[in-house]
Amino acid sequence: MRMRNGLKGLVFSLAVVGCATAPAEVAVPERTAAGFAVGYLDEDADARVFLPGPPGADTHWQAGELAAVLAAHDADPARMALAVADNRVDPGPAFAAVLGVTISEEATPSTARVLARVVTDIADAYDPAKEHFGRMRPFQVDTALMPCIATDAAMLARLANSRSYPSGHAGFGWAWGLLLAEMVPERADAILARGYDYGWSRVVCGVHFPSDVDAGRAVAAAVVARLQTDADFARDFAIARAELRGALGLE
């Protein structure tokens, strides 16, 4: 649990936090020892509490999921290239085409900072579940499957050491999609479709099963729901929303 100053428990309200006294830009977040932006939540969500767990290793469900991974992995070159690109944990290039602007520290610093902090909240929620469920990745179940991002033996080993269920990338993409769709509702359908497809890239790449991706989206939804009761997040979200809409020329 992380302890920080600030009121907690305030019901999320753009009308309240978007007042004239709000700062013009979200502050640069503190960093963890690993260099990631510190998240918002003092009480981390714990995906072990609400996720049902993955299919058993010797079940027909698991066999069906592996078949789905193999089918998705046989993608055309353009879709495979997108799966490789989506390995990058960065909402800027991931959503640029559907937003019409690339989120970045230079162009939209407040938006970039909010989304970076949310990544940590999601990781804090899914990390215990990965260890608890201990699911092997598809390429560990079928050793003939080569992940699209396994550029060397070290990368393959790192993937193997990080368990499959739930998918962190799917959680990041879906959380970004939910938040960006709320910021720019005029483009919500395309934004949510991109957030969904960002998670599916993990199946195309061969590093996650479909249920891993579904579970990652569930983690994202749980974290976003918690964030909406956090006063610090509510304040920053309002600033980021105004910034992004301004960058897009929207009122």
* Asked: Over the alpha carbons of the range 33-166, what is the largest minus smallest coordinate on each principal axis, giving the biggest first in Å?
  -> 47, 40, 28
* Shape parameters for the range 123-205, alpha-carbon atoms, Rg then Dmax in Å -> 14.9, 44
* Asked: Of the listed peptides 72-79, 194-201, what is their order by residue-averaged count of other C-beta atoms within 10 Å, with the highest listed first?
  -> 194-201, 72-79
* Once you have the Kirkwood Rh of the chain from its Cα pairs, apply Stokes-Einstein at 25 °C and 0.890 mPa s and quote D in µm²/s. => 131
* As computed over the range 184-251, the Cα convex hull volume per residue (Å³) -> 106
* For the chain, what is the mean residue ellipticity at 222 nm derived from helices alone (per DSSP H run of n ≥ 4: -39500 (n - 2.57); sum divided by total residues; nearest 500 deg cm²/dmol)? -> -18500 deg cm²/dmol
* Show me 231-242, 84-95 ranked by packing, highest mean number of other Cβ atoms within 10 Å first. => 231-242, 84-95
* Relative packing of 184-191, 51-58, which averages over residues the other C-beta atoms within 10 Å, highest first -> 184-191, 51-58
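Throughout, read-outs are computed from the coordinates displayed, never taken from laboratory work. All values derive from a computational prediction rather than experimental measurement. Here Cβ is always computed from backbone atoms with ideal geometry, including for glycine, and neighbour counts include all displayed protein chains.
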